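J.: I'd like to ask you about the structure that follows.
The values are calculated or read from the model by the stated rules, or taken from the named source; none is laboratory data. All of these numbers come straight from a predicted model, not from anything done at the bench. Note: ideal-geometry Cβ built from the backbone for every residue, glycine included; neighbour counts use all protein chains shown. Calculation scope for accessible area: heavy atoms of the full protein, side chains included, ligands and nucleic acids excluded. Shrake-Rupley method; radii C 1.70, N 1.55, O 1.52, S 1.80 Å.
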Amino acid sequence: MSDAQSDIRAYTLRLELIDEPGELLRSLRPIADNGGNLLSIFHERGNVTPRGHIPVEVDVEATPDRFEKIIDDLRDAGINVIQAGTERYSEGLTVILSGHVIDTDLSDTLSRIQESANASVTDLSISAPEGTSDVSSARIRIAAERGATEDVLGKIRRIADEKDLRLVEPL
């Protein structure tokens, strides 16, 4: 037996699932189909991600080769994989945007941050005391790959400049 087949490791998967019957089961199928051993599932049905999905954390044991196949099959199935393994998103940062945050398409802002392969929006709080068409603010928590914080902040700075938003950066 080769090292690749006998080197079983524990991995964490963070997924975003659509809130529909059967989605959790559908997300577990690639793990079983590829010989992964399910260790735990944390299904946060009461919470939603900024995109309105349900966050799910799954711990599995697998060889590195099988784990990569699990990830590929999850993505092929259209399941949003936020984190795969232990090191992907290891730095956290929080920023505040203020101005016409909602009026300038908050969904677009979040999507553009998420488009980056090295960042994931993990939490969002919005304040719009005078209504959605007036000045509002958003506190956005972001998980970034190790060493990518400055790149992620640069992207957020460009978005804020383009949308004429004030950005409060972490110290």
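J.: Under 1.5 on a/c is rounded, so check that first for region 8-70, then, if it is not, pick prolate when a/b is larger than b/c and oblate when it is not; a ≥ b ≥ c are the square roots of the alpha carbon gyration tensor eigenvalues.
T.: Values: a/c = 2.43, a/b = 1.96, b/c = 1.24.
Here region 8-70 falls in the prolate category.
J.: How far apart, in nm, are the 7 Å Cα→Cβ label points at LEU93 and ILE126?
T.: Output for this residue pair reads 2.3 nm.
J.: Hey, got the dipole for the chain? About the Cα centre, +1 on K and R Cβ, -1 on D and E Cβ, debye to the nearest 20?
T.: Values: 19 positive and 32 negative charges, 33 e Å.
With Lys and Arg at +1 and Asp and Glu at -1, about 160 debye.
J.: Based on the Cβ-Cβ distance from ASN47 to ARG158, what FRET efficiency comes out when R0 is 35 Å, to the nearest 0.05? Please report the intermediate quantities before stating the final value.
T.: Details: r = 29 Å, r/R0 = 0.84.
That gives a FRET efficiency of 0.75.
J.: How do 20-27, 149-156 rank on mean C-beta neighbours within 10 Å, highest first? Let's see the in-between values first.
T.: Working: 20-27: 13.0, 149-156: 16.4.
Packing proxy ranking, top to bottom: 149-156, 20-27.
J.: Round to a whole angstrom and tell me the spacing of the C-alpha centers of region 121-171 and region 6-39.
T.: When both Cα centres are located, 31 Å separates them.
J.: What's the whole-number percent of alpha carbon pairs in the chain lying beyond 24 angstrom? If you can, show how the numbers build up before the last one.
T.: Numbers: 6355 of 14535 pairs.
When all Cα pairs of the chain are counted, 44 percent exceed 24 Å.
J.: Hey, if you put +1 on the Cβ of every Lys and Arg and -1 on every Asp and Glu Cβ in the chain, which of VAL60, ASN47, GLN114 ends up farthest toward the positive end of that dipole?
T.: The residue sitting farthest along the positive end of the dipole is ASN47.
J.: To continue, here is another question. Determine the sum of side-chain charges near ALA128: Lys and Arg each +1, Asp and Glu each -1, restricted to other residues whose C-beta is under 11 angstrom from that of ALA128. Don't skip to the answer; put the middle values down first.
T.: On the way: positive: none; negative: ASP103, GLU130, ASP134.
Residues close to ALA128 contribute a combined charge of -3.
J.: Would you mind working out the accessible area per residue for the chain, using a 1.4 Å probe, and quoting it in Å²?
T.: Numbers: 9380 Å² over 171 residues.
The answer is 55 Å² per residue.
J.: Using only alpha carbon pairs under 8 Å that are at least six residues apart, calculate the relative contact order of the chain and give it in whole percent.
T.: Working: 308 pairs, mean separation 39.3, N = 171.
So the answer I get is 23 percent.
J.: What is the percent carbon and sulfur in the accessible area of the chain, measuring with a 1.4 Å probe over the protein chains and ignoring ligands? Numbers along the way, then the final one.
T.: On the way: 4360 of 9380 Å².
The C+S portion of the solvent-accessible surface of the chain is 46 percent.
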